[in-house]
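For reference, the structure is listed below as structure tokens.
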Amino acid sequence: MTSGKKEFSLLELNACVRNTLQESLPERYWVRAEISEARIHPSGHCYLELIEKEEQSGKTVAKARATIWATTFRLLQPWFEQSTGQLFTSGIKILIQVSISFHELYGYNLTVHDIDPAYTLGDAARRRAAILQQLREEGVADMNKELTWPILPQRIAVISSPSAAGYGDFMNQIQNNSYGYQIYTVLFPAAMQGDQTEQSIIHALDRINRHEELFDGVVIIRGGGATSDLNSFDSYPLAVNVAQFPLPVITGIGHERDDTVIDMVANTRVKTPTAAALVCTKPTHMPSICRTRSAQKSVIESTGKSRRYNARPPHFHCSSNG
């Protein structure tokens, strides 16, 4: 003590803070937050950086560290991901049950004991609704739906992963369509899962857009894979690209749950890649008598909409089918 001032060592002060927190906040509490960072240690522990953002400005107004010990994380992670169809990763909003601790050396920390998947599901639905509302306000939500497919589409731009099972299913149906139509496809490879999905598909759309006159429509197919990877299809940048695309877009992403945002703005949404191929090969707007190849040629010529595709476009690997 000097000059009557009460002094603490740093350790003593931190111990006082710890004791005060334990006495004041001894229970477990449900807390809403967004995960800004999630790291899984080789030991199995999960370390989180939690934040809260101001709704209007997006400015971060609160931040805390949190830990999910391995014994708890082994139970919570698969349950959460199965319940929500989303990865337990950065960028999602969660409702978690925590206890509060303060360590003299490591500081303030939250220990996670439980999680409510219903909250995250509700937030995902709200996010999809907000994106759709923004697209409506911008007047673009229904633009792709207003486009029409030609009576007999002859050349299709396909966005998919070349190794995806869904792409193989699509091509098999195109090649063996029951009408014997000759349809050309051009694959624009894209990642259909993981962090690069959104930008990869947008890049593929940009490439197709530069050669718009060579195609009748676009098919985006996924098929298989974790449902958690569907989050990438609920993005505003991807949705606005699909909604405003100058060619009609079919989505066959291969899932049974609620539609993604790009499903909602695409010209046509089907559940599977095979169903997408059926849409491309079924002449729904043609009289039933015109189902042979000779009738196909006749109708195309009579409509005046035939494009001369004898010469394949440069710079593309184009697969001929039929």
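The values are calculated or read from the model by the stated rules, or taken from the named source; none is laboratory data. This structure is a prediction, so every number in the text was calculated from the model and none was measured. Reconstructed Cβ throughout: ideal geometry from the backbone, glycine too, with neighbour counts over all protein chains shown.
Screening H315 against (1) part of a loop (DSSP other than H, G, I, E, B); (2) at pLDDT 55 or above; (3) closer than 16 Å to A204 by Cα leaves a single unmet condition, (2). The one condition from (1) in contact with a helix residue (DSSP H, G or I) (Cβ under 9 Å, 6 or more places away or on another chain); (2) at pLDDT below 90; (3) surrounded by fewer than 20 Cβ atoms within 10 Å (Cβ to Cβ) that D229 does not meet is (3).
For every residue, the table says whether it meets (1) out of contact with any helix residue (DSSP H, G or I) (no Cβ under 8 Å at 6 or more places or on another chain); (2) surrounded by fewer than 18 Cβ atoms within 10 Å (Cβ to Cβ).
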site: Y29; (1), (2): yes, yes
site: I51; (1), (2): yes, yes
site: R65; (1), (2): yes, yes
site: F88; (1), (2): no, no
site: S101; (1), (2): no, yes
site: N109; (1), (2): yes, yes
site: V112; (1), (2): no, no
site: D116; (1), (2): yes, yes
site: I131; (1), (2): no, no
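Tallying residues that are more than 27 Å from F215 (Cα to Cα) and either part of a loop (DSSP other than H, G, I, E, B) or touching a residue at least 24 places away in the same chain (Cβ under 8 Å) (or both) within the stretch 119-137 yields 11. Taking each residue of the stretch 59-85 that is within 17 Å of V31 (Cβ to Cβ) and looking for partners that are of a type in the set (D, E, K, R) and modelled with pLDDT under 95 with beta-carbon atoms closer than 6 Å, six or more apart or interchain, yields T60/K53; V61/E52; V61/E54; A62/E52.
Only a single criterion out of (1) without any contact (Cβ under 8 Å) to a residue 12 or more places away in the chain; (2) under 26 Å from K93 (Cα atoms); (3) of a type outside the set (A, V, I, L, M, F, W, C) is not satisfied by E7, namely (2). Scanning the stretch 188-196 turns up no residue that is buried (at least 22 other Cβ atoms within 10 Å of the Cβ) and assigned to a helix (DSSP H, G or I).
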